[in-house]
Amino acid sequence: MLFKNAIVYRITKPFELESEEFEQLLNSRRFVPCSGFKPTSFGWVSPLGDFEDAPLMHEVAGCILLCARREEKVIPSSALNDAMMEKIAKIEAVEDRKLRGQEKKSIKDNTLAELLPQALAKSKQVLGYISRKDNLLVIGTSTTSEADLFINCIRDSIGTFSVVPPQVQQKPQDVFTNWLLHRSLPDDFLLGDQCDLLDIEETSTVSCRRQDLDTREIRSHLEVGKVCTRLGIRWHDLKLSVDKDLVLRQIKLENLNDDSIEDEDPIAKLDAAFVNMSLEFSRFLPALFLALGGETILG
């Protein structure tokens with residue numbers, strides 16, 4: 001699968017921008033590497049690769065693939081602390097007094113500014129796609145802060161972009177708990193081999209991995225009040241885990257290996273992987289939402 005993890009959002013208004021116009025608007029937030037005193041950068045790069053005139057969006061079968069690059073300069077905390085303490089020690093020795101907390105903070109900020117231009121930058125890419133027909137945004141991350149950056153970058157590019165997490169009518173953790181306790185899964189859904197259980201009062205947790213979930217041991221945890229906050233499931237050939245916030249993790253489409261697609265053209269290979277994933281999600285996500293009571297109609 002193209003995405004190993006994913007966070008899904010409902011687009012509340014149909015996405016009607018024409019491809020050419022969207023491409024032009026994305027250029028306003030094209031990725032610019034960190035430089036000087038700028039500690040982080042986030043912007044669009046081409047999902048097709050770093051070749052000249054590569055487009056910032058790639059549309060296949062009504063789905064628009066986007067790729068953002070996140071770059072941040074890394075200063076080891078030990079290096080920052082050592083440089084800061086050296087400055088503090090010199091000032092305290094010269095002035096024969098202990099510096100106050102606010103003065104130390106100011107020195108830390110100045111030390112950070114001095115080290116930033118010399119710091120190495122690390123980067124990663126975040127893929128996401130807009131499905132026009134499904135009115136969905138799917139971002140290939142498990143981190144909400146990264147998803148927020150992706151969404152805000154779209155908003156900065158086009159002016160407005162209204163999305164919300166899927167508003168399902170039943171709490172996922174209640175549904176997952178019921179599935180585990182009573183084995184009452186909907187058609188086409190099967191239990192996977194992992195779950196996270198939470199004691200709400202004591203905040204203690206139990207994590208099960210690569211384990212048969214149809215056991216008395218797990219039922220015993222649920223019968224004393226624990227709830228399931230993350231559940232591994234299977235849906236047809238799709239294997240993944242879903243948490244209480246509907247973050248999809250460890251996504252795997254069994255019987256499919258994208259690396260086995262025989263095509264020397266990397267773009268054709270990307271297209272095949274993208275179509276396989278987006279088609280699978282277009283079938284699975286409505287089934288998941290329905291299993292959670294369906295979505296609340298937004299007015």
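The values are calculated or read from the model by the stated rules, or taken from the named source; none is laboratory data. Values in this document were obtained by computation on a predicted structure and should not be read as measured data. With ideal geometry, Cβ positions are generated from the backbone for all residues, glycine too; neighbour counts draw on all protein chains shown. Heads up: the accessible areas ignore ligands, DNA and RNA and are worked out on the full protein's heavy atoms, side chains in. Shrake-Rupley method; radii C 1.70, N 1.55, O 1.52, S 1.80 Å.
Here are some notes:
- Choice from 198, 99, 279 with maximal GNM fluctuation in the chain (Cα, 10 Å cutoff): 99
- Kirkwood-Stokes translational diffusion coefficient of the chain, alpha-carbon pairs, 25 °C, 0.890 mPa s, µm²/s: 110 µm²/s
- Dimensionless Rg ratio for the range 62-214, taking C-alpha atoms and the 2.2 N^0.38 Å reference: 1.66
- Convex hull volume of the range 130-266 per residue (C-alpha atoms, cubic angstrom): 170 Å³
- In the context of the full set of protein chains, the range 157-299 has a per residue accessible area of 54 Å² (1.4 Å probe).
- Cα gyration tensor shape for the range 159-207, rounded if a/c is under 1.5, else prolate or oblate: oblate
- Scanning the chain for GluC sites (Glu not before Pro) that sit in a DSSP loop and have at most 13 other Cβ atoms within 10 Å, the longest stretch containing none of them is 53-200.
- Carbon/sulfur fraction of accessible area - the chain, other protein chains in place, 1.4 Å, %: 49 percent
- Note on the chain: helix-only mean residue ellipticity at 222 nm, from DSSP H runs of 4+ residues weighted -39500 (n - 2.57) and normalised by residue number, equals -11000 deg cm²/dmol.
- Kirkwood-type hydrodynamic radius, the range 1-146: 18.5 Å, calculated from all non-identical alpha-carbon pairs.
- The residues of the range 10-134 expose, per residue, 60 Å² of accessible area to a 1.4 Å probe.
- Among the DSSP helices (H) of the chain, those spanning at least 20 angstrom by Cα along their long axis with an average Kyte-Doolittle hydropathy of -0.5 or more are 77-95, 144-158, 266-291; this is a geometric and hydropathy rule only.
- Within straight-line reach of residue 133, meaning a Cα separation under 16 Å, sit the following aspartates and glutamates at least 8 residues removed in sequence or on another chain: 16, 18, 59, 280.
- Here the 3J(HN,Hα) profile of the range 227-233, calculated from phi with Karplus coefficients 6.51, -1.76 and 1.60 at θ = phi - 60°, is 10, 8, 9, 7, 9, x, 9 Hz, Gly and Pro shown as x.
- Low-density loop positions, trypsin sites (Lys or Arg not before Pro), the range 38-131 - DSSP coil, at most 11 other Cβ in 10 Å: 97, 98, 100
- Exceeding the 27 Å Cα-Cα cut-off - candidates 38/98; 171/239; 13/38; 122/244; 4/122; 105/244: 38/98; 13/38; 122/244; 105/244
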